[in-house]
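The values are calculated or read from the model by the stated rules, or taken from the named source; none is laboratory data. Just so you know, these numbers come straight off a predicted model, no measurement behind them. Quick reminder, even Gly has a Cβ in these numbers, built from the backbone with ideal geometry, and neighbours come from all protein chains shown. Note: areas computed on protein heavy atoms with side chains; ligands, DNA, RNA excluded. Shrake-Rupley method; radii C 1.70, N 1.55, O 1.52, S 1.80 Å.
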Amino acid sequence: MEKNDFSIFQNIDLSNKCAIITGGLGNIGIKIVETLFELNSEVIIIDFDSEKNKNTLLKLENKFGKKIDFYNTDLSKKDDIIKFCNLIKDKYEKIDILIHSAALVTASNLSGWTELFENQSMEAFDLCMDINTKSALLIFQNLLNLFKKSDFAKVIFISSIYGIKGNDFSIYEDTNMQSPIAYSVSKASLNIIVKYLASLYGKDKICVNSIVLGGIFRNQNQSFVDKYEKKVPLGRMGNENDIKGLISYLSSNLSNYMTGQNIVLDGGLTCKV
């Protein structure tokens, strides 16, 4: 048999790789961490310190028998982000993977956030942009030299279909759910940042992509779920496990020729007019 010069198994393996995951203890973040652990990566998590997060952290470490380097960091504050980056630069010689999963989401309990458009506040808008968009830029900017030391650094932003299409407000009728404009703007910003950074740092073998997620089922109002699922060719909302395949691909050497792309993972929803 002719020797295979490119091994899928060898190139998906993340041994000797080091990954930073923002929001690594959130619903999506946990699945990202699990994926990276399964592929043998070292994991650094940025999230906030709470009893729930402490328990989640411990469960992940016990499940995989690996230690997580955890940093309690407020991603809405520039000084906190700079402090985190300085600690990383002192401790690590290179960073191979950055996955920005942290986000101020529509379920966040914040005044002026998930309200009618005319009542949405600029304070909530600014906070959303700080966490969802600017924090990712600041981390990348301040750790750029560590990414350049990786053979093929991978930067992955978790985006949303509401960053590439207008909201379908009909699915929110007869519910108390609202979708803030700041969320859409923040995710759209990530999608164009992908193009900018991929173009600028391709010469340094830094691959930058986003995963554009459709709606994830989290026990939402049943009327919303029913109307949403009727619009999806695959007939269901997403779940957290759906992201693991793309994370595996985009984090590994399998995607060394993939950069500048906003990859849609939505069960086909956006393929329909």
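Within region 205-221, residues that are at negative phi and part of a loop (DSSP other than H, G, I, E, B) have Cβ atoms under 6 Å from residues that are open to solvent by less than 50 Å² (accessible area, probe 1.4 Å) and at pLDDT 95 or above in these pairs: G214/I161; G214/G238; G214/D266; G214/G267; G214/L269; G215/Y228; G215/M237; F217/M237, counting only partners at least 6 apart in sequence or on another chain. The condition of being surrounded by fewer than 13 Cβ atoms within 10 Å (Cβ to Cβ) and either over 17 Å from the mean Cα position of the chain (by Cα) or over 23 Å from K149 (Cβ atoms) (or both) holds for D5.
Among the numbered conditions (1) under 30 Å from I95 (Cα atoms); (2) open to solvent by 40 Å² or more (accessible area, probe 1.4 Å); (3) under 21 Å from the mean Cα position of the chain (by Cα), tell me where L250 comes up short. Every condition holds for L250 apart from (2). Criterion applied to I247, I243, I263 was being in a strand (DSSP E or B), within 23 Å of I12 (Cα to Cα) and not aromatic (F, W, Y), and the one residue passing it is I263. Take the residues of region 30-50 that are more than 14 Å from S251 (Cβ to Cβ) and either touching a residue at least 24 places away in the same chain (Cβ under 8 Å) or of a type in the set (S, T, N, Q) (or both): which is surrounded by the fewest Cβ atoms within 10 Å (Cβ to Cβ)? My answer is S50. Answer with yes or no whether T73 is in contact with a Leu (Cβ under 6 Å, 6 or more places away or on another chain), at pLDDT 95 or above and β-branched (V, I, T). In short, no. Here the condition is being among the hydrophobic types (A, V, I, L, M, F, W, C), exposed (fewer than 15 other Cβ atoms within 10 Å of the Cβ) and closer than 28 Å to L250 by Cα; of L104, L138, L87, it holds for L87 alone.
The set of residues from region 225-245 being open to solvent by 20 Å² or more (accessible area, probe 1.4 Å) and either closer than 23 Å to L200 by Cα or over 20 Å from the mean Cα position of the chain (by Cα) (or both) comprises D226, K227, E229, K230, K231, P233, L234, G235, R236.
Pairs meeting the criteria (first residue in region 51-78 and closer than 16 Å to I21 by Cβ, second residue hydroxyl-bearing (S, T, Y) and open to solvent by less than 50 Å² (accessible area, probe 1.4 Å), beta carbons under 6 Å, at least 6 apart or on different chains) are L75/S135. The residues of region 6-39 that are polar (S, T, N, Q), part of a loop (DSSP other than H, G, I, E, B) and within 21 Å of K89 (Cα to Cα), listed by number, are S15, N16.
For region 111-123, the condition holds for at least one residue, the condition being that it is closer than 21 Å to I161 by Cα and in a helix (DSSP H, G or I).
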